Amino acid sequence: MTPVHEFVSVRCPFDRVPAYLATHFAKAGGTLEEAVLPMRLQLGDLVVEHGIRIGLRRREGYPGYAFADIAWEAERGGPFPAFTGTLSAADEGAGFCRLDLDGAYSPPLGPAGAAFDAVLGKRIAQATVGDLLLRLKTVCEEAYAAERGSEAPSH
């Protein structure tokens, strides 16, 4: 298993994140527990998108934090790793929160996949997870801005 950790600061209260993500997943035709979302992989100028079957299972948090177990796999299979981990939202005060995505994946394709992961795959995985977090940030910030009747900040 190869570990991955990414985080991003988001302009919305941490306790609103689960509702915003539930709405986003519903718009994609699913639920927090299971939805199909596009995953984006960028290698220089080459952009590859494929669907992932993603699910969140909310866990008990503690004051100032919201947690969910998160897992995804390629919707139609292929040479893409499956991921399991934790998505958390932590209160940063003043209407901001921090989204953290911690987890791990197993490179596909056995020894050849492990070799690819050591050379380039981990950087691709890190960038892909970062892209997903930025898209979740946008979802939350736009929903929070709409709730407050203001414009979302530009990125």
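Residue by residue, here is whether (1) out of contact with any Ser or Thr (no Cβ under 7 Å at 6 or more places or on another chain); (2) aromatic (Phe, Trp, Tyr) holds:
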residue	(1), (2)
Val47	yes, no
Arg53	yes, no
Phe67	no, yes
Trp72	yes, yes
Gly77	yes, no
Leu87	yes, no
Arg98	no, no
Gly110	yes, no
Gln126	yes, no
Are any of the residues in the stretch 8-28 within 22 Å of Lys122 (Cβ to Cβ), in contact with a Gly (Cβ under 9 Å, 6 or more places away or on another chain) and of a type in the set (A, V, I, L, M, F, W, C)? yes
Residues of the stretch 57-99 satisfying the condition of being within 16 Å of Arg11 (Cβ to Cβ) and within 11 Å of the chain's Cα centre (by Cα): Leu99
Go through (1) among the hydrophobic types (A, V, I, L, M, F, W, C); (2) out of contact with any strand residue (DSSP E or B) (no Cβ under 7 Å at 6 or more places or on another chain); (3) modelled with pLDDT of 85 or more one by one and return the number of the condition Ala104 breaks. (2)
What pairs come up if the first residue lies in the stretch 61-86 and is in contact (Cβ under 8 Å) with a residue 12 or more places away in the chain and farther than 14 Å from Tyr105 by Cβ, the second is crowded, with 16+ Cβ neighbours inside 10 Å and charged (D, E, K, R), and their beta carbons are under 7 Å apart, counting only those six or more places apart or on different chains? Gly64/Asp91; Glu75/Arg53
Check whether at least one residue in the stretch 13-32 is under 26 Å from Phe116 (Cβ atoms), surrounded by 15 or more Cβ atoms within 10 Å (Cβ to Cβ) and among the hydroxyl-bearing types (Ser, Thr, Tyr), and report yes or no. no
Of the criteria (1) crowded, with 18+ Cβ neighbours inside 10 Å; (2) within 18 Å of His50 (Cα to Cα); (3) in contact with a Leu (Cβ under 8 Å, 6 or more places away or on another chain), which one Pro79 fails: (1)
If I filter the stretch 66-84 for residues that are under 23 Å from Ala143 (Cα atoms) and at pLDDT below 90, do I get at least one hit? yes
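The values are calculated or read from the model by the stated rules, or taken from the named source; none is laboratory data. What you see is a predicted model, and the numbers here were worked out from it, not measured in a lab. Every residue, glycine among them, receives a Cβ derived from its backbone with ideal geometry; neighbour counts consider all protein chains shown.
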